[in-house]
Amino acid sequence: MIDLRSDTVTKPTQAMLKAMMQAELGDDVYEDDPTVKQLEDTAAKILNKDAALFVPSGTMGNQIAIMAHTKRGDEIILGQHAHIKTYEVGGAAVLSGVNFHVVDDHTGMLDVESLKAGIRGDDIHFPDTGLILSEVAHGSGKIGSLKQLKAIGEVAKNHDIPHHIDGARLFNAAVALNTEASTLSAQADSVMVCLSKGLASPVGSLLVGEKAFIKKARKYRKMLGGGMRQVGVLAAAGLISLNEMRHRLSHDHAKAQTFANAIKKVEGFAVKEAQLNINMVFVTTTHDVADLTAYLAQHGILIGAPKKDLIRFAFHHDVLDEDLEKIMRHIKTFVSLKSAK
Ligand SMILES: Cc1ncc(COP(=O)(O)O)c(C=O)c1O
């Protein structure tokens, strides 16, 4: 199968499996798993923050960040299309008791003027603004600009409001913006990064920030049932993600570009160019998406369709360069079969 539904489908590499077998283990709830410690130290160093916490998923990392930064009744400012708003089961309302104040994020980052307008003053009627949330890279494939992220960071600092980055694909954004991941993380108080997407680990995310924040986060992780025991077995794979897989993401971006250039030449397909920055290609089509999905699945290719006429093709470690030819051949055959009818 060539699985283009998401970069979350990546399987652990042989090197990861070997490292997992050989990992030195302890009980991480007692904070004595050396491999987890090494993973957390590595993440903190790469992202230039005081400390890090290994969590089972990106969702848990984001939710713990909201719990640790806010108090009940606060308002948090986030983008209209933020993962935290759309795909985290409304967890922020349940776990942190916060309101969402939604602002424009059509560039892939919060619109700075809308953000400023969203910060409410000191009035008996208003909730406090407890947190500003950015998503870098944005799930739409957009990345915004470093200038915009810096401006968001400035606004947060000037108003003394914490800023958290949902960086599920922060390392992809760093590649696309031609900068260091630490330059992006410097614009926020806390960042969550995922190991189990383009970085190919089987499980896991990391939350980074100041020591006191991570101490609080560790307790919330336990509260949510995310305190894991001999989890060095997973951290061992995570170390390979951070030390090695992070440096190959540009190949996935190149595969996405090559594919985009090919599919836009096929009748009935158009590439959303503004969303083509990382490893994902968003394509609109006049063809029947359900028919195309079924046809490709019969030929060993899986695709995701977030909307009726929109397809997302996600490129990652397990999609080989030579797979591109096969994918295009089947798409072209599908189109010719349809036009022959
Ligand atoms: C932008 C973004 N944030 C957070 C997450 C949540 O990660 P997880 O699936 O590990 O909970 C995802 C998952 O796809 C994501 O795309």
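Overview of values
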| quantity | calculated |
| --- | --- |
| Kirkwood Rh and Cα Rg combined as Rg/Rh, segment 248-340 | 0.93 |
| Share of carbon and sulfur in the accessible heavy-atom surface of segment 93-203 [1.4 Å probe, %] | 49 |
| Under 24 Å from the Cα of residue 216 - lysines, other chains or at least 8 residues apart | 37, 45, 49, 71, 85, 157 |
| Built amide H within the under 5 Å cut-off of residue 2, gap 5+ | 301, 302 |
| Sequence-separation-based contact order of segment 12-246, relative, with Cα cut under 8 Å and 6+ spacing, percent | 32 |
| Ranked packing of 110-116, 35-41, 247-253, most packed first, by mean Cβ within 10 Å | 35-41, 110-116, 247-253 |
| Farthest positive-ward along segment 12-246 dipole, Cα basis, beta-carbon charges - from 200, 158, 134 | 200 |
| DSSP bridge orientation in the chain - percent antiparallel, rounded to nearest 5 | 50 |
| Dipole axis of the chain (+1 Lys, Arg; -1 Asp, Glu on Cβ), positive-most option in 217, 29, 228 | 228 |
| Estimated 222 nm signal from helices in the chain, with DSSP H stretches of n ≥ 4 weighted -39500 (n - 2.57), rounded to 500 | -12000 deg cm²/dmol |
| Segment 83-160, relative contact order [Cα under 8 Å, separation at least 6], % | 30 |
| Carbon + sulfur, % of accessible area of segment 248-340 - ligands and nucleic acids excluded, 1.4 Å | 53 |
| Probe 1.4 Å, protein heavy atoms only - accessible area per residue of segment 12-246 in square angstrom | 42 |
| Å² of accessible area per residue within segment 248-340, as computed with a 1.4 Å probe and no ligands counted | 46 |
| Packing rank of 226-232, 51-57, 68-74, 16-22, where each peptide gets the mean count of other beta carbons within 10 Å, highest leading | 51-57, 226-232, 68-74, 16-22 |
| Kyte-Doolittle mean at least -1.0, axial Cα span of 24 Å or more - DSSP H helices of the chain | 323-340 |
| Packing-based order for 8-15, 184-191, 58-65, using average beta carbon neighbours within 10 Å, highest first | 58-65, 184-191, 8-15 |
| Residue-by-residue Karplus 3J(HN,Hα) for segment 100-105, coefficients 6.51, -1.76, 1.60, Hz, glycine and proline x | 9, 10, 8, 10, 4, 9 |
| Counted charge near residue 80, where neighbours are those whose Cβ lies closer than 12 Å (Asp, Glu -1; Lys, Arg +1) | -3 |
| Dipole in debye (nearest 20) - the chain, about Cα centre, beta carbon charges: Lys, Arg +1; Asp, Glu -1 | 580 |
| Kirkwood Rh and Cα Rg combined as Rg/Rh, segment 12-246 | 0.97 |
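The values are calculated or read from the model by the stated rules, or taken from the named source; none is laboratory data. Model, not experiment: these values are computed from the prediction. So basically every Cβ, Gly included, is an ideal-geometry build from the backbone, and we count neighbours across all protein chains shown. Please note that ligands, DNA and RNA were not included when accessible areas were found on the heavy atoms of the full protein model with its side chains. Shrake-Rupley method; radii C 1.70, N 1.55, O 1.52, S 1.80 Å.
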